[in-house]
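Structure first, commentary second.
The values are calculated or read from the model by the stated rules, or taken from the named source; none is laboratory data. Just so you know, these numbers come straight off a predicted model, no measurement behind them. Please note: Cβ atoms are built from the backbone with ideal geometry, for glycine as well, and neighbour counts cover all protein chains shown. Ligands, DNA and RNA are excluded from the accessible area calculation, which covers all protein heavy atoms including side chains. Shrake-Rupley method; radii C 1.70, N 1.55, O 1.52, S 1.80 Å.
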Protein chains: 4
Amino acid sequence: MNLALVALVKNIKNVVENKLIFCDMNTFNMIIACPDKKGIIYDITSFLFSLGANIIELEQHIEDSMFFMRIKWQMNSSLSKDDFLQKIQGLQQKFNLTIKLDNSGASKKLGLFCSKELHCLIDVLGKAATNELNISIEYVISNHKNVQSLVEKFNIPFFYIPTKKGSFQHESECLKVMNNYQTDFIGLARYMKILSGDFLQNAQQKIINVHHSFLPSFIGANPYEEAYERGVKLIGATSHYVTEELDQGPIIEQVVRRIKHSHNIKNLKLMGKESEKEVFAFAIRKHLENKLIVYKNRTIVFE
Amino acid sequence: MNLALVALVKNIKNVVENKLIFCDMNTFNMIIACPDKKGIIYDITSFLFSLGANIIELEQHIEDSMFFMRIKWQMNSSLSKDDFLQKIQGLQQKFNLTIKLDNSGASKKLGLFCSKELHCLIDVLGKAATNELNISIEYVISNHKNVQSLVEKFNIPFFYIPTKKGSFQHESECLKVMNNYQTDFIGLARYMKILSGDFLQNAQQKIINVHHSFLPSFIGANPYEEAYERGVKLIGATSHYVTEELDQGPIIEQVVRRIKHSHNIKNLKLMGKESEKEVFAFAIRKHLENKLIVYKNRTIVFE
Amino acid sequence: MNLALVALVKNIKNVVENKLIFCDMNTFNMIIACPDKKGIIYDITSFLFSLGANIIELEQHIEDSMFFMRIKWQMNSSLSKDDFLQKIQGLQQKFNLTIKLDNSGASKKLGLFCSKELHCLIDVLGKAATNELNISIEYVISNHKNVQSLVEKFNIPFFYIPTKKGSFQHESECLKVMNNYQTDFIGLARYMKILSGDFLQNAQQKIINVHHSFLPSFIGANPYEEAYERGVKLIGATSHYVTEELDQGPIIEQVVRRIKHSHNIKNLKLMGKESEKEVFAFAIRKHLENKLIVYKNRTIVFE
Amino acid sequence: MNLALVALVKNIKNVVENKLIFCDMNTFNMIIACPDKKGIIYDITSFLFSLGANIIELEQHIEDSMFFMRIKWQMNSSLSKDDFLQKIQGLQQKFNLTIKLDNSGASKKLGLFCSKELHCLIDVLGKAATNELNISIEYVISNHKNVQSLVEKFNIPFFYIPTKKGSFQHESECLKVMNNYQTDFIGLARYMKILSGDFLQNAQQKIINVHHSFLPSFIGANPYEEAYERGVKLIGATSHYVTEELDQGPIIEQVVRRIKHSHNIKNLKLMGKESEKEVFAFAIRKHLENKLIVYKNRTIVFE
């Protein structure tokens, strides 16, 4: 059943490797966060103006006397990221800026984990293959063996890492794989295994999870069963950054679908898959476009 | 600020009292529940056929070997409700039927409780005034004094029943009012006072509540504050039948609205009001149309 | 049936007249539009900085080499609107700015037109009465006589202006009323009469209409009937600025609701009312918060 | 880029061919339509009762004095479809029934057409591969050559049929392919070529199309461009049965997604793909579950 998957995985690799040349190297975007003060926007736009930049997107948000901004601009100059960061040091110190700078349009490298439900994985692979998502999938890790035999024949690295030897062994092996690849972030495409705090620290990159409920309702492994028991009229899905507490991380996106009393748990799971795919792909897109800021366990999601 | 309310309340009474003559006395609907068995639909439709009935709506639902059905029909005969119930006794015993029979189109009498938020109250009053809901509002009870002085001048009875003398005293006074009016059911239009199990038993009628969150998330008094803290991306509202445990009753309807990081708690409350009105009016409509069955703390909601 | 309406109308007046004192006079917002050029944001934020302003909201949009921005700020100084506009003249000329400046939080004066469907009118009156909308309703004009007799008894001016003497006469009388009141804008709360180009020119203010379909589908007087005939699965409502061509003006908001084959035209109309109220109130709110720009028959709707 | 597609296509074939053994041969469903008359439900349930059937789903709809019903039942007997149809002949004549009988759970054979947009195709292939849709894809026809070279290597038949030789030639070749395969229905997965009335007649099976707008708005080839120009605030997608007039067939499903002024046409197309996939898969599922009736260019969609 996973021949399709294997081929998609292989395919993505080819596509994405050729895609990098399309990047627009002169378009940058930057997220900043700092304590709110008069004159920040003025000073930053003044700084960009002095570099010959033309601002094409600007969004800001103020909350609790904190200032957040995403700004995107075009420049004709061939200023490198390092040069830019050096030049902005003065402002950084003046306002105590936290900065996340990015080349707009650059492809990002993604590692994927999955268990036996494949709809989120297939959706991301499909969106990569058709250029709907500008990502390169570097590897797929699964705790389900039947996927392994198929994927090994293909060009995208696949790793079967079972969980029966215990969490420590399992996570060590995952980390070994992760260290062999340079990825920008990781997506848990319906990966049904809880990851420890140690693992998260060692991962040293953001991890996006999709949970199959409308959080904070129905945390844990059986949300559709619990939603059915409670008799809710809408079922949801949530994508969030992973933190140490299960299903407690900052929420990135949520969607719901209407259900009826005539829908049984099997129907709920089927309908829920559409929501899961949607929130997972949304989170990946926003993350790779550098449009997410985490503040106090909430996310700021720029347009 | 409540002159408007007063006038609406008065107005509804006039309207509804004249409205009853429009009822179509020869259209009935009936909800039945019983253990599932071969031949139920056949026997019931056969029974109705023998009475000269023409079935115009039929919905059924099977779950856990239980059979549920709503059936609506027209008859030319002038059979009364009591006659009908007597005639169906044989079937009732054969299948162990629970039956709820109703004249379709008959207006229902509603008692309303509210606190200081008036949007749900105004919406229901408006829908009654414009015939969007076929109800007569018999009284309004509130624990907020400022409403009292205004409403007393008008024809719809208004009762200010404060909560400071303690729950027992408060609930006794409410029950006294309720006993003086014959209502079919009660609506809690954002009534911010927990009602005891004793009260619910003595009320002897269904009570519909609107809770300002997407249950089971954010039970209790401050759901918008908690939703903001958790950083959810959709805020919801839920209408449900009241049971002894707070916000745990069978859910009738839920809707959500999308929020953004730029929305503060005040914005959430404002947006949430639209959802609250929608689920409250929906629940009232379905209840008065005899389209709701409670089974195992869930609702079956017929179309 | 319209006693309620009358009371609501009267009530709003009282409420709103007392509400003006709550305005925060030192918070301003400004919408600007101009050809896109390097340095606009820098120059404008620099200008505001020089006045001692603290920017609390800023949104911008670029399209077709046009630049649009909404900016909201606080100032301790007691600069008047006129003083401000004089000071910004230099920038205005430099960038060829179109400016719309407003006191944030100031109440707006609204004139309302309605025909016989009252749900949009009641909703806006209710939102004004409960301070959900910061508006003062100055008058209500209707082409339905039965409303007149009731409303005359109350403090909000009501004008019955029939349409039987022809469009010219009807519109002249409306304009006479409008000239006697200073309103900021007009809302057509399901007003079922087409207004001429001459009328629109003479009105000299923005007019917001709610159309009971998902435009551009089902233009004209019978959208629910047409939607039913076509068998659509969602029915919608649209609020838009009125222009000379019927239902062709710039769309402000649209919402839809799901329907089923079991819903007849009467059901559609009932469900549609909820959508109509929602888009109409949304448009009024955005307009009074100075968050709408019309560009090429489309609207820019700031958050 | 289409290796993935090829593998998926191949894979589906294997999966589906093995899936048929899971069909529950003793569960049937039947759609009937006839002029409304007293006693239909009684007679039909009586008939099924006499065969020892246990009804597990029953939905009915009455409109314009027409009666429509879907009924699903289980029987222990090994009655064949032909036997059943013979036994029901008496009722069929009595009520003038139109009947569509089906084995519930039986897999259906589907032919797919696509052009260069692959998201709907990939989605359906993915849903078949993961058993979300109980279908066997018998062939894929495309008017885009680059797909051909890849798909020929795989087990699912692929046919490149260009349109440059004219409609007649193109359609003849398509019909030749279609005649070589026994399919239950055809899906146009974003097939951007208008099919003639002659073709439709010769196809002799239902054809489901997905149109990338909220019909009846924006008929034709460039709906997203037109939606952008008109400034709508929601963009939609529609699945419908194909009829001779372009985009005028009976609508099966519609969904919309909210857009903002900051979204350009490219964004609209990207967001719209999610809606297109959703309505297309919905229509395929409902059709294969025998839950669709066409009446007067509208669809009755049973739950």
- Task: Summarise the partner chain shielding of B:52-59 as one whole number: the mean count of Cβ atoms from other chains within 10 Å of each residue's Cβ.
- Result: 5
- Could you work out how far helix B:3-19 tilts from the main Cα principal axis of chain B, as a 0 to 90 degree angle to the nearest 10? 10 degrees
- Message: Averaged across C:38-50, how many Cβ atoms of other chains sit within 10 Å of each residue's Cβ atom?
- Response: 6
- Task: Mind pulling the angle between the C-alpha long axis of helix A:40-50 and the longest principal axis of chain A? Nearest 10 degrees, somewhere in 0 to 90.
- Result: 70 degrees
- Phi-based couplings in Hz for the stretch D:258-264 (Karplus 6.51, -1.76, 1.60; Gly and Pro marked x): 6, 10, 10, 4, 7, 7, 8
- Task: Find every distance from the label point of D:S196 to the corresponding label point in the other copies (7 Å from Cα along Cα→Cβ) and write them in nm, one decimal, shortest first.
- Result: 5.2, 7.1, 8.3
- Message: Placing the label point 7 Å from Cα along the Cα-to-Cβ direction, what are the distances from A:N267 to the equivalent spots in the other copies, shortest first, in nm to one decimal?
- Response: 1.6, 3.6, 3.6
- Query: Expressed in whole Å with the largest first, what are the equivalent ellipsoid semi-axes of the protein assembly as shown derived from the C-alpha gyration tensor as the square root of 5 times each eigenvalue?
  - Reply: 46, 45, 30
- Task: Net charge near A:I186: determine it from the other residues with C-beta under 14 Å of the C-beta of A:I186, scoring Lys and Arg +1 and Asp and Glu -1.
- Result: +2
- Query: What number, in percent, do you get for the relative contact order of the stretch A:100-232 if the mean sequence gap of Cα pairs under 8 Å and at least 6 apart is divided by its residue count?
  - Reply: 25 percent
- Sorted list, accessible surface of protein heavy atoms, 1.4 Å probe, largest first, for D:V242, A:V177 is D:V242, A:V177
- Message: Solvent-accessible area of B:Y42, probe 1.4 Å, all protein chains present, reported in Å² to the nearest ten, please.
- Response: 50 Å²
- Determine the total buried accessible area between chain B and chain A, counting protein heavy atoms only with a 1.4 Å probe; round to the nearest 100 Å². 2900 Å²
- Item | Accessible surface, 1.4 Å probe, highest first, among residues D:S167, A:S217 | D:S167, A:S217
- Which value, in nm² and rounded to one decimal, describes the direction-averaged projected area of the C-alpha convex hull of chain D? 17.2 nm²
- Item | Within 10 Å of each Cβ in A:118-128, the average number of Cβ atoms from other chains | 4
- Whole-Hz ³J(HN,Hα) from phi, Karplus 6.51 cos²θ - 1.76 cosθ + 1.60, for the stretch C:230-245, glycine and proline x: 6, x, 5, 9, 9, 10, x, 9, 9, 9, 7, 6, 7, 10, 4, 7
- Message: Given the whole protein assembly as supplied and a 1.4 Å probe, what does the accessible area of C:K145 come to in Å², nearest 10?
- Response: 120 Å²
- Query: Ignoring ligands, DNA and RNA, how do D:K108, A:K116 rank by accessible area with a 1.4 Å probe, largest first?
  - Reply: A:K116, D:K108
- Query: Ignoring ligands and nucleic acids, what accessible area does A:K109 show with a 1.4 Å probe (Å², nearest 10)?
  - Reply: 90 Å²
- Can you flag which of A:K193/A:K296; B:K127/B:K165; B:K286/C:K108; C:K127/C:K206 are past 31 Å Cα-Cα? B:K127/B:K165; B:K286/C:K108
- Item | Crossing angle, helix B:119-129 versus chain B [Cα axis fit, 0-90 degrees, rounded to tens] | 50 degrees
- Item | Within-13-Å neighbourhood charge of A:N209 [Cβ basis; K, R +1; D, E -1] | -2
